[in-house]
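J.: Quick one: the structure is below, and I'll ask about it shortly.
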Amino acid sequence: MDPLPMHGRDLGVHPDDLVELPEPEQESKQEILENKAVVVQHVNVQGLGRTKEDLLGYEISEVMKKSHIARQKLLRLGIFKEVEVLIDTSEGSDALPNGLDVTFEVTEVKRLTGSYNTMVGNNEGSMVLGLKLPNVFGRAEKLTFQFSYGTKETSYGLSFFKPQPGNFERNLILNLYKVTGQFPWSSLKETDRGASAEFNFPLGMTNHTLKWEGVWRELGCLARSASFAVREESGHSLKSALSHTVSIDSRNSAIFPSRGALLRINQELAGYTGGDASFLKEDFELQLNKRLFWDSVLSASLWGGMLCPIGGQPSSIADRFYLGGPTSVRGFGMYSIGPQSEGDYLGGEAYWAGGLHLYTPLPFRPGKGGFGDLFRTHFFLNAGNLCNLNYGEGPRAHLQKMAECLRWSYGAGIVFGSGTSPGWSSTTVCPWEFRVETGYVMVYSLEQESASCDLITPLPSLLQHRL
């Protein structure tokens with residue numbers, strides 16, 4: 001703990017005129033705080049309303065020696081607007097010579113909060129309205145209603161969040177939702193009505209999610225010109241699936257990381273708990289980030305996945321993988337890679353995609369140390385492919401199929417967003433997390449042996465406002 005201040009305001013008094021009076025009590029406190037082991041005798045929490053005291057005991061019981069960690073844990077619960085920690089020497093008849101009193105002064109959030117978000121990206125936009133009931137039963141539970149209206153998707157849903165006291169990362173989430181979306185690249189529209197339950201928990205260095213989802217799906221044609229393959233998929237279906245996701249994430253930022261790595265593996269099994277859809281689906285994501293000289297960042301990423309139908313049933317267009325666009329293989333149209341029929345893209349049962357990215361400061365560093373640090377130069381190389389596999393063939397035939405019709409692109413652009421500079425963060429520069437990019441890209445396809453040029457569609461950005 002830092003020493004107590006030794007000097008106050010300058011009141012125009014000469015040092016020789018001061019008489020130093022002994023302050024044994026103050027010196028005793030100073031000695032206790034600096035030179036001796038201390039004992040926390042009393043812990044007081046002021047400002048509680050509907051919050052149960054036993055919940056806070058789990059969060060702060062082991063961190064009294066580091067009060068800032070206790071404060072961060074309390075704020076992480078999402079039930080307090082402010083948390084202040086006051087530490088003083090114990091007083092009273094039962095006070096120990098090395099005893100301390102710790103007081104947490106908290107301000108609870110309102111019983112009802114609202115928010116609205118504006119999401120723009122991939123040639124579409126949406127407005128999101130939300131209502132939250134935080135700390136519903138006094139132990140950091142949260143009930144949320146969200147409505148989203150967009151150019152291609154409209155949805156609303158109700159979710160309930162319940163963490164385990166003392167282990168906030170271990171939590172249960174229940175969802176009820178309805179989503180209506182339009183997919184012009186497939187001349188398809190889809191309406192999902194469903195429910196899901198997921199359990200999140202950490203295990204060592206990994207984070208796990210176990211999830212069950214039941215969905216009533218309604219597929220239809222978006223236009224009269226839809227292909228026959230899309231019309232065959234029209235109708236109602238039920239999907240009941242179990243999934244497991246494991247991830248290891250050491251990145252310093254999810255939007256614009258400059259160091260760390262991410263590994264995420266997901267497995268989904270549908271059909272064994274009911275429903276019409278029956279398949280096994282596996283996919284993964286790997287990302288490595290390394291900071292180089294001159295504030296440059298090198299990033300490499302790889303994605304892949306396979307879908308295997310079960311029981312001889314063909315896979316649904318709603319369950320297949322899609323590839324292409326600014327978030328996967330740049331320069332290609334949105335989800336415009338892979339099998340198609342009469343101009344409608346049908347998705348595929350296997351895919352892979354990779355990218356190599358180099359982010360550097362702007363040439364000559366204009367605006368260094370200020371607004372100019374939010375801009376970065378971006379050089380990239382992307383490649384990938386999406387297709388259907390014949391699972392009766394061997395692994396060598398599968399690899400050969402994945403290597404056919406390879407698409408790849410390279411180019412350069414300018415990135416603007418929060419967290420683009422190693423010395424800046426989204427919390428100190430801008431309360432919103434966003435990323436916008438524009439640039440020039442060369443597109444190649446080994447099947448057509450041709451090249452073309454195109455402008456990159458801006459990457460998704462998120463602007464968030466709170467009431």
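J.: Run S93 past the list (1) assigned by the TED database to the domain that holds Q72; (2) polar (S, T, N, Q); (3) open to solvent by 60 Å² or more (accessible area, probe 1.4 Å); (4) touching a Leu at 6+ places or on another chain (Cβ under 9 Å) and report the number of the one that doesn't hold.
T.: That leaves (4) as the condition not met.
J.: Considering each of S328, S299 in turn, give the residue that is under 23 Å from the mean Cα position of the chain (by Cα) and either of a type in the set (A, V, I, L, M, F, W, C) or at pLDDT below 90 (or both).
T.: After applying the criteria, what remains is S328.
J.: From the list S148, S225, S187, S196, pick out the single residue that is modelled with pLDDT of 95 or more and not hydrophobic (A, V, I, L, M, F, W, C). Let's see the steps before the verdict.
T.: Details: S148 fails: modelled with pLDDT of 95 or more; S225 fails: modelled with pLDDT of 95 or more; S187 fails: modelled with pLDDT of 95 or more.
S196 is the lone residue from the list that is modelled with pLDDT of 95 or more and not hydrophobic (A, V, I, L, M, F, W, C).
J.: Residues G343, G347: which one is closer than 18 Å to P184 by Cα, touching a helix residue (DSSP H, G or I) at 6+ places or on another chain (Cβ under 8 Å) and touching a residue at least 24 places away in the same chain (Cβ under 8 Å)?
T.: After applying the criteria, what remains is G347.
A quick yes/no check of all residues on (1) β-branched (V, I, T); (2) loosely packed, with under 15 Cβ neighbours inside 10 Å:
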position: I79; (1), (2): yes, no
position: E105; (1), (2): no, yes
position: L112; (1), (2): no, yes
position: V136; (1), (2): yes, no
position: K142; (1), (2): no, no
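J.: Just the residues that are open to solvent by less than 70 Å² (accessible area, probe 1.4 Å) and either touching an Asp or Glu at 6+ places or on another chain (Cβ under 7 Å) or not β-branched (V, I, T) (or both), please, taken from region 281-297.
T.: Quick first cut of region 281-297, residues open to solvent by less than 70 Å² (accessible area, probe 1.4 Å) only: 281, 283, 285-287, 289, 292, 295-297.
K281, D283, E285, L286, Q287, N289, L292, D295, S296 - these are the residues of region 281-297 that are open to solvent by less than 70 Å² (accessible area, probe 1.4 Å) and either touching an Asp or Glu at 6+ places or on another chain (Cβ under 7 Å) or not β-branched (V, I, T) (or both).
J.: Pairs under 8 Å by beta carbon, first residue in contact (Cβ under 8 Å) with a residue 12 or more places away in the chain in region 301-313, partner surrounded by fewer than 14 Cβ atoms within 10 Å (Cβ to Cβ) and outside any strand (DSSP E or B), six or more apart or different chains?
T.: C308/Y391
The values are calculated or read from the model by the stated rules, or taken from the named source; none is laboratory data. Note that the structure is a prediction, hence the values are computed from the model and not measured. Virtual Cβ from ideal backbone geometry, glycine too; neighbours counted across all protein chains shown. These accessible areas exclude ligands, DNA and RNA; they are computed on the full protein's heavy atoms, side chains included. Shrake-Rupley method; radii C 1.70, N 1.55, O 1.52, S 1.80 Å.
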